[in-house]
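The values are calculated or read from the model by the stated rules, or taken from the named source; none is laboratory data. Everything quoted here is computed from the prediction, not taken from an experiment. Cβ placement follows ideal geometry from the backbone for every residue including glycine, while neighbour counts extend to all protein chains displayed.
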């Protein structure tokens, strides 16, 4: 039983958390691709930027001496999301819009976004240095231990407060985004533009406004995802740059341009990664007696070593593209 | 005063102009049909009216104003609608959502207009929840027309509405176009089925190399031996 709880802690809880981060980041990438038709490479750094905005606001609040039972980062998060959305709009105005106005092709915008990546990372390092920061210098993370009153379990199911908040925030975002895309006039217009931009324009849809709304959503979700990632690990300048590849894998596996696809792809890749690095031998040990004597359970039965975690996203990506080239939710093929 | 009047319109996609002086006038009661050989600038004329390509000369008067180079998000609320020839439905969205997108610029309640569209194309009412991409070619054309009508246009422009449709659907679409016109919407369309379309057109325009070569009522063009010989296949 203890082994099973270890499995829950290391696979189910970790997978949910990682999947939430990938899903929230992936939604932004897929929405930007759907509306603007280019791979926004700087999305990871938009997440990092959002996390630093939250960190700054939280630090300002801490300086006033307020102490609350939940991390201050959560309190300032809505404001940080607004600010990051504004920054995302500013980045579009400053870098992508001039390119679009000159009729740049998607690959040009992609290269441009790599430039934006360097700018954001450079600016963050300029202001905050290259070190790591923690949201929990003042108060440690609250840890929940849930005892399992079954059999002879001694271990407890563990998760931290930020992890719980993260999973709930993801569910909330998914529900709100779903209602927005299927019920509101603007959400439908966004889907229409992702489906067929020329026809959206012909229908009189204000495509410039749709682009702005897209950046507001992408920016605020990037802030949310980045902050959550920083709350779960630590805050550093290359926080989300390191996961930009699994983020793209999540968006592509789900079907580019499909918001629901990115959610599914995010959780798929999140769980696949934690499953791949989990040592399955642990789950076999309780059944040691049932195996024939000549069979010895190896010490480590992980599918890949932790250092190669990143390859999991690619394996899934390759398999998906072979079996269903447009992704789980039938996204764009170009 | 004409609903829309093109005076010596010149335009293109940068580079050499495709339109070299197109003249046209359509009344509210008119069904105008543009015919002509490939590359004559038929579709281009519609796109020029709708602001989808650059007009470098001449005027397009609509509702008493020169609207040349205005973009669709300004033209649609003024009463201009356009059904492109290809990719004219949102394939991933339901039939009803397609119609809603046609009403995007409207702030008022559009449920009556939607009812009107459903009465005109009862098959769409049946399939209102289905993704438009799952419909047949003819039904898609109905969705596309329905979408364009949702903004309550004064002038409906259609780019080859019968292209690729079976004869049965061609007839039905043409019948609906006549019906829409009877409801007080001016029509301007490009058509390959020239003989059939000129049969019900009140005005016909023959374009060649981006210029008018013949203008007249549909019947006049059909009866003109020269037009018949050069454009209508004898």
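Some notes on this structure:
- Looking only at residues in the stretch B:70-105 that are facing another protein chain (nearest Cβ under 9 Å), surrounded by fewer than 18 Cβ atoms within 10 Å (Cβ to Cβ) and not in a helix (DSSP H, G or I), the one that is farthest from the chain's Cα centre (by Cα) is B:91.
- Some residue of the stretch B:138-150 being part of a helix (DSSP H, G or I), crowded, with 21+ Cβ neighbours inside 10 Å, away from chain A (no Cβ under 14 Å) and touching a residue at least 24 places away in the same chain (Cβ under 8 Å): yes
- Matching residues, the stretch A:296-310, being more than 15 Å from residue A:250 (Cβ to Cβ) and part of a helix (DSSP H, G or I): A:306, A:307, A:308
- Filtered residues of the stretch A:178-199 (kept if crowded, with 20+ Cβ neighbours inside 10 Å and more than 7 Å from every other protein chain (Cβ to nearest Cβ)): A:190, A:193, A:194
- Residue match in the stretch B:208-217 (condition: touching a helix residue (DSSP H, G or I) at 6+ places or on another chain (Cβ under 8 Å), surrounded by fewer than 17 Cβ atoms within 10 Å (Cβ to Cβ) and over 22 Å from residue B:47 (Cβ atoms)): no
- Scanning the stretch B:28-40 for residues that are at pLDDT 90 or above and more than 14 Å from the chain's Cα centre (by Cα) returns a single hit, B:29.
- Any hit, the stretch B:59-69, residues being in a strand (DSSP E or B) and out of contact with any strand residue (DSSP E or B) (no Cβ under 8 Å at 6 or more places or on another chain): yes
- In the stretch B:108-122, the residue that is farthest from residue A:206 (Cα to Cα) out of those that are part of a loop (DSSP other than H, G, I, E, B) and touching a helix residue (DSSP H, G or I) at 6+ places or on another chain (Cβ under 9 Å) is B:121.
- Annotation note: Cβ proximity below 8 Å between a residue of the stretch B:48-71 that is free of Cβ contacts under 8 Å to residues at least 12 places away in the same chain and a residue that is buried (at least 19 other Cβ atoms within 10 Å of the Cβ) and not in a loop (DSSP other than H, G, I, E, B) (sequence gap 6+ or interchain) occurs for B:66/B:60.
- Filter result for the condition that a residue is in contact with a helix residue (DSSP H, G or I) (Cβ under 6 Å, 6 or more places away or on another chain) and farther than 22 Å from residue A:314 by Cβ, over A:297, A:269, A:303: A:297
- One residue from B:133, B:51 being at positive phi and either within 14 Å of another protein chain (Cβ to nearest Cβ) or under 17 Å from the mean Cα position of the chain (by Cα) (or both): B:51
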